[in-house]
Amino acid sequence: MGELAIEVYDLHKSYGPLEALSGVSFDVRRGEVFGLLGPNGAGKTTTVEILEGYRRRTGGEVRVLGHDPAARERALQERVGIVLQDAGSYYPRLTVREAVEHMAHAYPAPRDPAETIELVGLEGRAGARSNQLSGGQRRRLDLALALVGDPELVFLDEPTTGFDPAARRGAWEVVRSLRGLGKTVLLTTHYLDEAQALADRVAIVKDGRLVAEGPPADLAPSSAGYRVSYVSNGQRVEHQTADPTDLLHRLTGDALARGERLEGLEVMRPTLEDVYLELTAEGDREGR
Amino acid sequence: MSYVGLAWQQFRLERKLFWRNPSAAFFSFVLPLVLLLLVASVFADDADELDLLIPGIAGMSVMATTFNAMAFNLTFLREQGILKRVRGTPTPAVSYFAGFLGNAVANAAVQVGLVVVIGHLLYDVSWPRDWPALVAFTAVGVVTFGSLGIALSHAIPNFDSAAAYVNAVFLPAIFISGVFYSSDSLPPALAAVAEALPLKHVIDGFSGAIVTGAGVIENAGALVVVALWGAAGLALAVRGFRWE
């Protein structure tokens, strides 16, 4: 078994004349949290659903844990956990405990259901039926159902959409604990802070193509650069520069020469948000 | 877990869910019995009418527990995304559907049994005279109405409209197929429609099995009509099947 959990090469998907994916390539390493980031309709879910075996690709090569997911082999599905994007509640009249216990039967070496419920923080609601859960709790049940088979690879398609901030932090902790357990995670999100907080590497998808890929910290924008700002005469002055070393040297040198302090001096690295906004800006103008 | 083991787990889950769903339990289980008791109490002294009613309610029960239940449940499972989830797990489709369909078969068998027992104990209708025919018509009826219900679910756009689609078929079918009165008394055009549909033939088969003692051989024609509908239903059920 190789180092790569997922290999995607030149992936194409068309729905009739409409091309949803036009040549997407990326790899996900074992034990890595990989984020697919992009606006709605960019092709994130199409990509993930091809990897999950729900959809057939129209071109390109895909391997998931060494298998072709289109073959829908049981041997592969036993090693994969799936959280779907927009799933309604799992059997509404089943309790959390019953649902997780039922799902465990499908896997050769499941986790302990009670422990899985605890992992997602639902131990206080184990006896509640899923139609009595809040939206956030229901999503955590989805996660428990995906994890009870003790999968090596977990697909999380927009796992926190619609969450309040506290619930999102809770879900993030669960994803971090998955990484701690050595799982590989493929996560889609349109929240930048989520990708930045969770993903080891990020790929930005737009109009069916990858427009950038790398660790969130390394995705340097081409035009937007470091922002250096300070307060002068009660007003904040901001400079942008690709290399702050020289600028800072000049600013501090001048200030020292004048015998002044540079009040409120800040140096900000470009955030993923800057990259994202720059890369996806064109699509916004087209009114997507 | 083996294919059979997973089917058994699914079957047990479906049984549990059935009893937790008040409307399913009511329409598949309570309503046919209530209709039986109400109509039978009106004709309690009319042995001929009771001999007609007991097989009629048995046939209606088979349709309600399979056709109606499949159409409702599959529409719900698809709309709710539960079918899609199942497809994303290692549970083989054949195990899942064996458990799911097994639940409907169990409901139909229990219901036919209850109707026969109530008919005998309360209304003095004889015990079935031809058991193989009773079993054969129950089995073929279950397969036929079950697959037709699955086929209908492909045409139902959403769960809210499921009741309209199901009852648009079910209510006329039970009124023209001789559940409550003999379909011989229908206008010829309606009788011809009933003759072409499967429910009347299931009821004729039950009538032979329970009342007159006509077995599978004597009612072979009826069995063939039901089986032909079953073949068409199976083809449509498989063909149009969608997981999401």
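Numbers at a glance
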item	result
B:Gly215 crowded, with 23+ Cβ neighbours inside 10 Å and either under 22 Å from B:Leu114 (Cα atoms) or touching a Lys or Arg at 6+ places or on another chain (Cβ under 7 Å) (or both)	no
Flag if B:Ala64 is among the aliphatic types (A, V, I, L, M) and more than 14 Å from chain A (Cβ to nearest Cβ)	yes
Residue tally, condition crowded, with 17+ Cβ neighbours inside 10 Å and among the acidic types (Asp, Glu), over the stretch A:153-190	2
B:Ala104, sole failed condition from (1) assigned to a loop (DSSP other than H, G, I, E, B); (2) within 27 Å of B:Asn158 (Cβ to Cβ)	(1)
Hey, A:Gly88 within 13 Å of chain B (Cβ to nearest Cβ), modelled with pLDDT under 95 and surrounded by fewer than 20 Cβ atoms within 10 Å (Cβ to Cβ) or not	yes
Residues within the stretch A:104-137 that are of a type outside the set (A, V, I, L, M) and within 19 Å of the chain's Cα centre (by Cα), tallied	1
Matching residues in the stretch B:6-53 - criterion: being of a type in the set (Ser, Thr, Tyr) and within 14 Å of chain A (Cβ to nearest Cβ)	B:Ser23
Lone unmet requirement of (1) within 12 Å of chain B (Cβ to nearest Cβ); (2) in contact with a helix residue (DSSP H, G or I) (Cβ under 8 Å, 6 or more places away or on another chain); (3) crowded, with 22+ Cβ neighbours inside 10 Å for A:Val120	(1)
Residue list for the stretch B:67-101, restricted to those being in a helix (DSSP H, G or I), at the interface with chain A (Cβ under 7 Å from one of its Cβ atoms) and among the β-branched types (Val, Ile, Thr)	B:Ile82
Only listed residue being surrounded by fewer than 24 Cβ atoms within 10 Å (Cβ to Cβ), in contact (Cβ under 8 Å) with a residue 24 or more places away in the chain and over 23 Å from B:Trp8 (Cα atoms), chosen from B:Asp45, B:Asp51	B:Asp51
Residue check, B:Ala162 of a type in the set (A, V, I, L, M), out of contact with any His (no Cβ under 6 Å at 6 or more places or on another chain) and loosely packed, with under 13 Cβ neighbours inside 10 Å	no
Verdict on B:Ala44 being touching a Leu at 6+ places or on another chain (Cβ under 7 Å) and small (Gly, Ala, Ser)	no
Count - residues of the stretch A:34-73 that are assigned to a strand (DSSP E or B), within 14 Å of chain B (Cβ to nearest Cβ) and surrounded by 22 or more Cβ atoms within 10 Å (Cβ to Cβ)	1
One residue from B:Ala136, B:Ala227 being touching a helix residue (DSSP H, G or I) at 6+ places or on another chain (Cβ under 6 Å), of a type in the set (A, V, I, L, M), in contact (Cβ under 8 Å) with a residue 40 or more places away in the chain and more than 23 Å from B:Ala93 (Cα to Cα)	B:Ala227
Residue count, the stretch B:117-139 (criterion: under 15 Å from the mean Cα position of the chain (by Cα) and either surrounded by fewer than 23 Cβ atoms within 10 Å (Cβ to Cβ) or among the basic types (Lys, Arg) (or both))	3
Unique residue being closer than 30 Å to B:Leu121 by Cβ and within 15 Å of the chain's Cα centre (by Cα) when the list is B:Leu171, B:Leu197, B:Leu148	B:Leu171
Residue satisfying condition, being among the hydroxyl-bearing types (Ser, Thr, Tyr), touching a residue at least 40 places away in the same chain (Cβ under 8 Å), touching a Leu at 6+ places or on another chain (Cβ under 8 Å) and part of a loop (DSSP other than H, G, I, E, B), within set A:Ser25, A:Ser89	A:Ser89
Tally of residues being within 7 Å of another protein chain (Cβ to nearest Cβ), farther than 13 Å from A:Arg139 by Cα and of a type outside the set (Lys, Arg) across the stretch A:74-85	2
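The values are calculated or read from the model by the stated rules, or taken from the named source; none is laboratory data. Remember, it's a predicted structure, so these values are computed and weren't measured experimentally. Cβ atoms come from the backbone with ideal geometry, glycine included; neighbour counts cover every protein chain shown.
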